[in-house]
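Quick notes on the structure that follows.
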Amino acid sequence: MTTHRRADANVRMPESTPWYRQRWPWLLIAGPAIVVVAGIVTIGLAIRSDDGLVADDYYKQGLAINQLIGRAERARTLGIVADVTLDADGRVRAEVAGSGSGPETVPAAITLILAHPTRAGGDLRAELRRGPDGSYAGAVEAAAPSRWRLIVESSTWRLPAAEIEGLPARVRLDAAAS
């Protein structure tokens, strides 16, 4: 520390440094500056990402859930069971059986849904057509390695979902098990 003498007294005064060379003002400024940067980053994330959990038509979705419950109940009444095989390249084969043999139990086409558990935009659908041997076949886009919910449904019934860990997979869906 250097000192200098004042001309009017023999008092020694310490030489002061400017504020921007001091440590404490920067430590006090750092906290609010970090909060401002974090706020800007949070706003950017909120604008860029989609909040798939919020729905504008929640009432209609509630009514649709009641229809899904009715379709699941219909599958249970018909005793529908499906053995689904998904290959790594996206080929799908399903064998559907039930207590009846009419077009309601074994329709000409069924829908297979691979639902992503957290991103609704990532769901995959495939229409499976019944072949001459009675089994259903089709293809779905190659699914990313992840956990998926496998759902099989027709226009009148819906089987309960099963969890799979990517492709390939073999699953048995049984309406009576739910």
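FYI, it's all coordinate maths here, none of it is from the lab. Just so it is clear, the model here is predicted, and its values are computed rather than measured. No Cβ is skipped: glycine too gets one built from the backbone with ideal geometry, and neighbour counts run over all protein chains shown.
A few notes on this one:
- Trypsin sites (Lys or Arg not before Pro) within the stretch 67-119: DSSP coil, no more than 11 neighbouring Cβ in 10 Å: Arg119
- Contact order, relative form, for the chain: 20 percent (alpha carbon pairs under 8 Å, 6 or more residues apart, mean separation divided by residue count).
- Most mobile listed residue (Leu128, Leu114, Leu45) in the chain, GNM with C-alpha springs under 10 Å: Leu45
- Comparing mean-square fluctuations of Ile69, Ile80, Ile113 from a GNM of the chain with C-alpha springs under 10 Å, the top value falls on Ile69.
- Rounded to the nearest 10 degrees, the inclination of helix 58-78 to the longest alpha-carbon principal axis of the chain is 40 degrees.
- Under the combined filter of DSSP loop state and at most 10 neighbouring Cβ atoms within 10 Å, the stretch 98-178 retains these GluC sites (Glu not before Pro): Glu141.
- If you take the Cα centroid of the stretch 94-142 and the Cα centroid of the stretch 150-168, the two points sit 8 Å apart.
- Choice from Ala46, Ala120, Ala108 with maximal GNM fluctuation in the chain (Cα, 10 Å cutoff): Ala46
- 222 nm mean residue ellipticity, helices alone, for the chain (DSSP H n ≥ 4; -39,500 (n - 2.57); rounded to 500): -9000 deg cm²/dmol
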